[in-house]
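Asker: Below you will find the structure I want to go over with you.
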Amino acid sequence: MSTGLQRPPAEVRYAEELARLRESDDGERPPGWALSLTAARSFVIGDDKLGVSRKFVGDPSLIDRALVSLATDRGLMLVGEPGTAKSLLSELLAAAVSGISTLTIQGGAATTEDQIKYSWNYALLVAEGPSPRSLVAAPLLRGMAEGKVVRFEEITRCPLEVQDCLLSPLSDRVLAVPELTGPESMVFAREGFTVIATANTRDRGVNEMSAALKRRFNFETVFPIPDLDTELSLVEAEATALLRRSGVGAPPRRDVLEVLVTVFRELRQGQTARGDVMDRLSGVMSTAEAVSVAHAVGLRGWFLRGEPGTAADLVSCLAGTAAKDAPEDLAKLRRYLEQQTAGRPGAQWRALYESRHLLPG
Ligand SMILES: Nc1ncnc2c1ncn2[C@@H]1O[C@H](COP(=O)(O)OP(=O)(O)OP(=O)(O)O)[C@@H](O)[C@H]1O
Ligand SMILES: [Mg+2]
């Protein structure tokens, strides 16, 4: 299915899978949910029998706990290192539970209550005064009125006072619209309304949240993928799909990806597979970054030479990811290529070592 969009929301990308799950779903559904917990879980972690793909790689018990939290009267807070698929997971959960993942607030220093709750159509406001017609619902109000999951991305990047406007929607399940009169001045949440928030432990931690708001969420930590093979398969699948979408005619080479993922893991952990301890990069070397470097490597190979990318392309693409946070990271990366990649078995490790001078700077 081609929508012409770069990245349609999950409920569009996986519309067929969702329809199939709905059809075969005979489990009990919590009030307001589009699927039962079991079907929602299958949507996220996959089900071979139903032809549902695995979308999030990780501990299935995390998904169970997350879904149970969503069925309680608390919100769900996903915390973790950057690039561990917190946003992806929140999108998938919202699509499974509510059938819609686009009631999303993007948190930032400049986020205002208007962008979270509601604002006004000024022409109508001036002409008619405040009325339900001149009210423009933002994600929180819509989610409450329609009984859907509201996503709040990077919540800790918002000012504390702004975050706190979630307090009464989460505890009393009501949002006041004081400008209106009569029954319209209170929006009561329908069954199915809840909030999934994400927060990154690197930017501003979860300490940047009021204790009152923290008590209204169940916290779940999303960890990086623990083993090499799982991470490698994920990077391969994602990079293959991205390259196909970018018009690249050759899938990425497995041996190149193996070197790439190993390099990312070693730089992330500060330890080589052989057990040598080395400098960790201060920048983020997440799976999400590995996917994007694999994409860039494939593009370079194909559009510059008409072949799949190689380890030499990897050296050229690494600097832009590995050395963005601190200038010392480039020096650490250079030291790593110099000292740790010589003499490893395989043509791609050799190519990586021999191309080390391509590192810019
Ligand atoms: N466990 C995982 N399962 C599936 N995809 C993963 C996983 N870890 C990383 N990814 C990859 O990372 C991408 C998602 O990153 P996402 O933006 O959701 O991370 P994030 O944790 O929200 O990062 P940030 O903190 O920077 O916002 C996915 O599209 C996928 O390619
Ligand atoms: Mg995110």
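A quick yes/no check of all residues on (1) without any contact (Cβ under 8 Å) to a residue 24 or more places away in the chain; (2) of a type outside the set (Phe, Trp, Tyr); (3) away from ligand 2 (no atom under 16 Å from the Cβ); (4) in contact with a Phe, Trp or Tyr (Cβ under 8 Å, 6 or more places away or on another chain):
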site: Arg142; (1), (2), (3), (4): no, yes, yes, no
site: Ala145; (1), (2), (3), (4): no, yes, yes, no
site: Glu153; (1), (2), (3), (4): no, yes, no, no
site: Cys158; (1), (2), (3), (4): no, yes, no, no
site: Pro183; (1), (2), (3), (4): yes, yes, yes, no
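Asker: Hey, another quick one. When you go through (1) closer than 26 Å to Glu191 by Cβ; (2) modelled with pLDDT of 95 or more one by one for Asp73, which number turns out not to apply?
Answerer: Checking Asp73 against (1) closer than 26 Å to Glu191 by Cβ; (2) modelled with pLDDT of 95 or more, the one that fails is (2).
Asker: hydroxyl-bearing (Ser, Thr, Tyr), under 17 Å from Gly80 (Cα atoms) and modelled with pLDDT of 95 or more - does that describe any residue in region 147-160? Steps first, please.
Answerer: Taking region 147-160 as the starting set, the residues that turn out to be hydroxyl-bearing (Ser, Thr, Tyr) are 156.
Now narrow it down to the ones that are under 17 Å from Gly80 (Cα atoms): 156.
Okay, now just the ones that are also modelled with pLDDT of 95 or more, so none.
No, that holds for no residue.
Asker: To continue, here is another question. All but one of (1) within 16 Å of ligand 2 (Cβ to nearest atom); (2) crowded, with 23+ Cβ neighbours inside 10 Å; (3) over 20 Å from Asp164 (Cβ atoms) hold for Thr102; state the number of the condition that does not hold.
Answerer: Answer for Thr102: the failing condition is (2).
Asker: Any idea which of (1) free of Cβ contacts under 8 Å to residues at least 60 places away in the same chain; (2) within 20 Å of the chain's Cα centre (by Cα) is the one Asn200 doesn't satisfy?
Answerer: So Asn200 meets the others, but not (1).
Asker: Is it the case that region 265-281 has a residue that's more than 22 Å from the chain's Cα centre (by Cα), over 23 Å from Pro82 (Cβ atoms) and either aromatic (Phe, Trp, Tyr) or not in a loop (DSSP other than H, G, I, E, B) (or both)?
Answerer: yes
Asker: Among what's in region 63-82 and is more than 16 Å from ligand 2 (Cβ to nearest atom), part of a helix (DSSP H, G or I) and of a type in the set (Gly, Ala, Ser), pick the residue that is surrounded by the most Cβ atoms within 10 Å (Cβ to Cβ). Break it down into steps so the answer makes sense when it comes.
Answerer: At the first step, the residues of region 63-82 found to be more than 16 Å from ligand 2 (Cβ to nearest atom) are 63-65, 67-75.
Then drop every residue that is not part of a helix (DSSP H, G or I), which leaves 63-65, 67-71.
From what's left, of a type in the set (Gly, Ala, Ser): 69, 71.
Values: Ser69: 20, Ala71: 16.
It comes out as Ser69.
Asker: Still on this structure, please answer the following. Take Glu191 and decide whether it is acidic (Asp, Glu) and either within 14 Å of ligand 2 (Cβ to nearest atom) or in contact with a Phe, Trp or Tyr (Cβ under 7 Å, 6 or more places away or on another chain) (or both).
Answerer: Working: acidic (Asp, Glu): yes; either within 14 Å of ligand 2 (Cβ to nearest atom) or in contact with a Phe, Trp or Tyr (Cβ under 7 Å, 6 or more places away or on another chain) (or both): no.
Spelling it out, it is not the case that Glu191 is acidic (Asp, Glu) and either within 14 Å of ligand 2 (Cβ to nearest atom) or in contact with a Phe, Trp or Tyr (Cβ under 7 Å, 6 or more places away or on another chain) (or both).
Asker: Name the helices (runs of 4 or more DSSP H) wholly within region 306-361 that hold at least 2 residues that are loosely packed, with under 13 Cβ neighbours inside 10 Å?
Answerer: On the way: elements: 311-322, 327-340, 347-354.
Once the helices (runs of 4 or more DSSP H) in region 306-361 are filtered for at least 2 residues that are loosely packed, with under 13 Cβ neighbours inside 10 Å, what remains is 327-340.
Asker: What pairs come up if the first residue lies in region 334-350 and is free of Cβ contacts under 8 Å to residues at least 12 places away in the same chain, the second is assigned to a helix (DSSP H, G or I), and their beta carbons are under 7 Å apart, counting only those six or more places apart or on different chains?
Answerer: If the second residue must be assigned to a helix (DSSP H, G or I), the pairs left are Ala342/Tyr353.
The values are calculated or read from the model by the stated rules, or taken from the named source; none is laboratory data. Computed from a predicted structure; not experimentally measured. FYI the Cβ positions are ideal-geometry reconstructions off the backbone, even for glycines, and counts take in every protein chain you see.
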